[in-house]
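S.K.: What follows is a single structure, and I will ask about it in a moment.
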Amino acid sequence: MDVRRGQRTVIDPKVRQVGFVPAGATRPPARSHSVPTDACSSSPPAPELPLSGSSLSPVMIPPPRHSSADGLPSLSRSAASPVPIPASPLRRDTVQIPIGSYNPSESVLGSSPMISPSSRLDAVSEFSDEVPTSAWLGRSGSGKFASSFPSSSGEMMTMKITGGGSGGGGNTPKSSLTTASVVKALPGVSEKDRGALIEVQNEGISKPQKQKTSKAERRAIQEAQRAAKAAAKEAGEAVKPSASSGGALPASKQGKVVKPSSQKKDGPQVTAPVVPSEKKVGDRIPDKDRKKDVPHPRMQFDDKHRVEKAKRRAVVNQSEARNRVELFRHLPQYIHGTQLPDLESKFFQLDPMHPSVYKVGLQYLSGVISGGNARCIAMLLAFQEAIKDYSTPPEKALVRDLTAKISSYVSFLIECRPLSISMGNAIKFLKNRIAKLPHTLSESEAKSSLQSDIDRFINEKIVIADKVIVGHAVTKIRDGDILLTYGSSSVVEMILLYAHELGKQFRVVLVDSRPKLEGQALLHRLVAKGLNCTYTHINAISYVMQEVTRVFLGASSVLSNGTVYSRVGTACVAMVANAFQIPVLICCEAYKFHERVQLDSICSNELGDPDVISKVAGRNDLNHLESWADNENLQLLNLIYDATPSDYVSMIITDYGMIPPTSVPVIVREYRREHLWI
Amino acid sequence: MPDVQALVNDFVLKLKRRKIEGSHASAQHTAELLRSVISHQRMPYTNQAGALIDAVKAVGEQLIAANPVELAVGNIVRRVLHIIREEDLSSTATAIEGLGLSAGSDDDDEGQHEDRPALSAAALAAAARSTLRAPSLQTLLEDIPDSAAAPQPPSSGGDSEGKSKSDKNIRSRKLKHDVIEAINELIQDIDTCHEQISEQAVEHIHQNEVILTLGRSRTVKEFLCAAKEKNRSFRVFVAEGAPRYQGHVLAKELVSKGIQTTVITDSAVFAMISRVNMVIVGAHAIMANGGVIAPVGINMVALAAQRHAVPFVVVAGSHKLCPLYPHNPEVLLNDLKCPSDLLDFGEFSDCMDFGSHGGSPLLHVVNPAFDYVPPKLVSLFITDTGGHNPSYMYRLIADYYSADDLVVKRRSTS
């Protein structure tokens, strides 16, 4: 291993240059990731060819191995090539690469007659990258192995391939195979043309996005490219240390992963020993990655230590509520109503807080902004403002400092009101973008890139996603339907209004509940547009459900076990609908999906102001609970969310189409990947 | 009679205006009213039972029509009719007995009569039932001629043909007297059913139990308080029970007794039910099939309880037992209340414009008062006679009502 590593380190730079440097192209040390298209076109580069030819060409790939390992890629490729549309310029480039190269094996694949083994490897790697990204790849069986990512399928592929290589024996011919396998197997492990790989991978990453939102504009592509560039740069940096360490790096950064592989390609000798080692690495990396995937445990408020710590840092003054509900000790239970005036008075003392963030925080606190999408958009816009006004302090790096800044904003917002899952996802996205900023960018460039990223997120993940959902959902509304909805969901409102615009004849049953009575505002809007509405409270749900034909519900989040996490009462509505055998359609943008799982509504929830329960608007005669806090035996519990079991849900309508709740984890996985590399 | 009529009219008006609501109050008022009706009823020479039944039916019909949803009224009317029949039957039985034992000894007979009041009318009725119609298929089949015969003078009169007129006179006064006694007992039963029910509380509530209830029911309150008095410590979740929010009242009462109480919104029922050991609710009425008419929102609770296999217990006095089988009860046995409970008229007056859309407004507000819980969702009924399965309700009903009275309507001839 060590020996190998040493080789790698030596070779790495060389290989990279070889693999991807276009003959004439100026080769940025970063491996030209930045410009995927260029890289691709350049992929056949002269330098690499000789290298591959020398070491690998003699090692002709044994037929069996071709059939097994290569066959798949060939399929995928063939599939890919016919599909012109998805083939963004990038894809085409990748295809071309193999052509340019003269590896016989490649010819077998059918892409181009002459392809050097090395080139072939490249092709393979490309495939692997592309596969996960592109939808069509997913269709072909080969697609799976191609994924260089930590996903299990990817691993399996690697395993197979490696196995094939080993079976071949230590033969030189095998080496090529092994290398190929290695490349595939480990996102990071590709051997020889690591630089190339990196580029490819980056491309792949950027691609999925394009394909997925077929609409994805050029701009998106460009941005992706930029991102890729940034990633490449990072990777480049990462590579060196990794090389020295020789250890397998977490797969999360593809760049790093790639590096070790580079070494491998060079020497045929590597083949036999390398294979096993590679395998191991492959296994290990995904493992780590998987661990990373597990969401962090949330703050538990019955942990006194941490609560104390958090309090010391807190901007917002919060005092513990007196009559806390025993069952919810693990959630924050503060006295409501005191923070707002307190915060307002501090407006001019809070230096670190950007005013726009501050404003949004106050809006959360006062409840002016509520609803998953609205809160998320408000937060992103505030961050955008903050980024616009941001300037890197001297002797600090923008990436680090801005991330810290955002984190402090986020913790402020959390103090105002616990984050919704949609916001959590958006923050993750933003931090990721910051982390991926290329170092070469000037501050202003970085800022504008981030701002446009935020714009794009809002546009693609929320605005366009909503449109797609509306388009899907409207197909489920027929004339004469009686649609029931609960609370006030922005998407459902859009669906109803759009269906009304289309001239569909239907009636809406609007179910509402205390204490928020959000449905009343929605009722106003719907009636103003001329929709026929019936309004009732959730108690009467069994009464109104008898005539209903469809139930449309919004969601705050959909968890990966299919549980729908939404406004409290949604579960009741879904349950009663289920009892009456009426389909329940959940409308939720995919960016709100989360990999967390939850079985009940108690382990994680948000508690609202208990005082609103004791007072009933317009009912002054109800004052039985006026001084409830004086009696320690009495608690008021104002839950905000609940969890609807997935068996009550007939269908989830999301921007990826209409899926059953069991498919949520699939979307979460696929989406997250794409989301991270947006 | 005229003053009775005034009372009846007054009560009918109150029922119509929903001034009297709640099964307990209306049951009690009904029983008291019927008592005064009976006491003012002039007894004819023959067929006194028939006359009483007719009088009660006439009043009962009006009362039931005044608020058909208040099933307790009908229940009490039927109970009173049943009482009259039983008393008549028992006196007939006594007469037969007296005839058989000692036809000559009028004194003895009278002495017996003196003793009778000491025995409870119910016990007597039970005895009569057991002697005259044991619950067998045969008696069921014979029931029709038998009960038809009871009110008819010829048969009952025929039995006592040999007796003197004075004897008859005594018997007639005796019948009225017994009936009134029995009604008094019924009224007392209605008042004290809570105690009998709450006596069973300790058998059902264990230490550290978590109980969920919705809205407010006096029976539930007494039930929980009784358990607390026996030093059981437990926790209660009270769903507030919109749109009346009686849960607030219940919570206040429970807290004053030192019970750990948590008030939740109705929408949070599903969220909380997974941590609940038992659901205890009151009822508006229990139907013959074991279904329950209960304050709105309880069906939701019952479904949630079923989902999490939480026992769903209904506590109710026997005056809530209704001998009718429900048909489409959600609609037919429901009351739609004022929309202003849900929406502020001022805010939504623009939406309720009848003129704008062909005479029908765009906005409808539904505010039903009751829910129907089908028997399969109910785990147990706790009544003043003990705990019962939903499937047993029909049998319990047969104890309290006679089959002839299920439809309270005077014969068209009378």
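S.K.: Compare the peptides B:326-333, A:373-380 by average per-residue count of other Cβ atoms within 10 angstrom and give them in order, highest first.
M.R.: A:373-380, B:326-333
S.K.: Can you pull out the trypsin sites (Lys or Arg not before Pro) in the range A:452-506 whose DSSP state is coil and whose Cβ has at most 10 other Cβ atoms within 10 Å?
M.R.: Passing sites in the range A:452-506 do not exist.
S.K.: Additional query: How much accessible surface area, in Å² rounded to 10, belongs to the heavy atoms of B:Ile264 with a 1.4 Å probe?
M.R.: In the full protein context, B:Ile264 sits at about 0 Å².
S.K.: On to the next question. Only sites in a loop by DSSP and with at most 15 other Cβ atoms within 10 Å count here; which trypsin sites (Lys or Arg not before Pro) in the range B:1-88 make the cut?
M.R.: Of the trypsin sites (Lys or Arg not before Pro), the ones in loops of the range B:1-88 whose Cβ has at most 15 other Cβ atoms within 10 Å are B:Arg17, B:Arg18, B:Lys19, B:Arg42.
S.K.: Put B:Ser402, A:Ser663 in order of accessible area, largest first, 1.4 Å probe: what do you get?
M.R.: The ordering from most to least exposed comes out as A:Ser663, B:Ser402.
S.K.: Another question, then. Please compute the contact order of the range B:194-405 in relative form: average sequence separation of alpha-carbon pairs under 8 Å and at least six residues apart, divided by the residue count, as a percent.
M.R.: 22 percent
S.K.: Per-residue mean of other chain beta-carbon atoms within 10 angstrom of the beta-carbon, peptide B:326-338?
M.R.: Per-residue shielding by partner chains comes out at 1.
S.K.: Can I ask one more? Cβ under 13 Å from B:Val366's Cβ, B:Val366 left aside: what net charge do those residues give with Lys, Arg +1 and Asp, Glu -1?
M.R.: Around B:Val366, the charge tally is -4.
S.K.: If amide H atoms are built 1.01 Å from N in the plane of the peptide, which residues on other chains or at least 5 residues away come under 5 Å of the amide H of A:Asn561?
M.R.: Those lying under 5 Å, H to H, from A:Asn561 are A:Gln598.
S.K.: Going by a ≥ b ≥ c, the root eigenvalues of the Cα gyration tensor, does the range B:194-405 fall in the rounded group (a/c under 1.5), the prolate group (a/b larger than b/c) or the oblate group? Intermediate results must be reported in sequence, preceding the final value.
M.R.: Values: a/c = 2.25, a/b = 1.35, b/c = 1.67.
Oblate, since a/c reaches 1.5 and b/c is not below a/b.
S.K.: So who's got an amide H within less than 5 Å of the one on B:Leu214, skipping anything under 5 residues away but keeping other chains? H placed 1.01 Å off N, in plane.
M.R.: For B:Leu214, the qualifying residues are B:Ala239, B:Gly282.
S.K.: Can I ask one more? Quick one: of the DSSP bridges fully inside the range B:194-405, what percent are antiparallel, nearest 5? Let's see the in-between values first.
M.R.: Details: 10 of 29 bridges.
Expressed as a percentage, antiparallel bridges in the range B:194-405 total about 35.
S.K.: If the convex hull of the alpha-carbon atoms of the range B:1-80 is projected onto planes in all directions, what is the mean projected area in square nanometres?
M.R.: Its Cα hull, projected and averaged over all orientations, spans 4.5 nm².
S.K.: Counting partner chain Cβ atoms within 10 Å of every residue's Cβ in B:339-345, what's the average?
M.R.: 4
S.K.: Please list, in order along the range A:441-454, the HN-Hα scalar couplings obtained from phi with the Karplus expression 6.51 cos²θ - 1.76 cosθ + 1.60 (θ = phi - 60°), rounded to whole Hz, x for Gly and Pro.
M.R.: 5, 6, 4, 5, 5, 4, 5, 5, 5, 5, 4, 5, 4, 5
S.K.: Using only the alpha-carbon atoms of the range B:199-286 as identical scatterers, what base-10 log of I(q)/I(0) does the Debye formula give at q = 0.12, 0.16 Å⁻¹?
M.R.: So the normalised log intensities are -0.30, -0.55.
S.K.: I've got another one for you. At 7 Å along Cα-to-Cβ for each site, give me the label-to-label distance between B:His327 and A:Glu308 in nm.
M.R.: With each label point 7 Å from Cα toward Cβ, the separation is 7.1 nm.
S.K.: Mind checking B:292-298 for the average number of partner chain beta-carbons within 10 Å of each residue's beta-carbon?
M.R.: Shielding by partners across B:292-298 averages 3.
S.K.: Could I ask something else about it? Taking the Cα centre of the range B:46-86 as origin, work out the dipole magnitude from +1 charges on Lys and Arg Cβ and -1 charges on Asp and Glu Cβ, in debye rounded to 20. Intermediate results must be reported in sequence, preceding the final value.
M.R.: Details: 4 positive and 4 negative charges, 19 e Å.
Taking the Cα centre of the range B:46-86 as origin, the dipole is about 100 debye.
S.K.: Beyond a 27 Å Cα-Cα separation, which of these cross-linked pairs lie in this structure: A:Lys311/A:Lys436; A:Lys476/A:Lys529; A:Lys311/A:Lys346; A:Lys304/B:Lys257; A:Lys504/B:Lys376?
M.R.: Pairs exceeding the cut-off: A:Lys311/A:Lys436; A:Lys304/B:Lys257; A:Lys504/B:Lys376.
S.K.: Next up: Net charge within 13 Å of B:Val313 by Cβ-Cβ distance, Lys/Arg positive one each and Asp/Glu negative one each, not counting B:Val313 itself?
M.R.: That sum, taken over residues with Cβ under 13 Å, equals -2.
S.K.: For the cross-link pairs A:Lys405/A:Lys516; A:Lys516/B:Lys252; A:Lys615/B:Lys337; B:Lys221/B:Lys337, which exceed 30 Å when the distance is taken from alpha carbon to alpha carbon?
M.R.: Pairs exceeding the cut-off: A:Lys405/A:Lys516.
S.K.: Also, I was wondering about something else. Can you list residues whose amide H is under 5 Å from B:Thr262's amide H, if they're 5+ apart or on another chain and H is modeled 1.01 Å from N?
M.R.: Here the answer is A:Gln635, B:Val236, B:Phe237, B:Val238, since their amide H atoms fall under 5 Å of that of B:Thr262.
The values are calculated or read from the model by the stated rules, or taken from the named source; none is laboratory data. Remember, predicted model here, so these are calculated numbers, not experimental data. Cβ atoms come from the backbone with ideal geometry, glycine included; neighbour counts cover every protein chain shown. Just the protein is used for accessible areas: all its heavy atoms, side chains included, with ligands, DNA and RNA removed. Shrake-Rupley method; radii C 1.70, N 1.55, O 1.52, S 1.80 Å.
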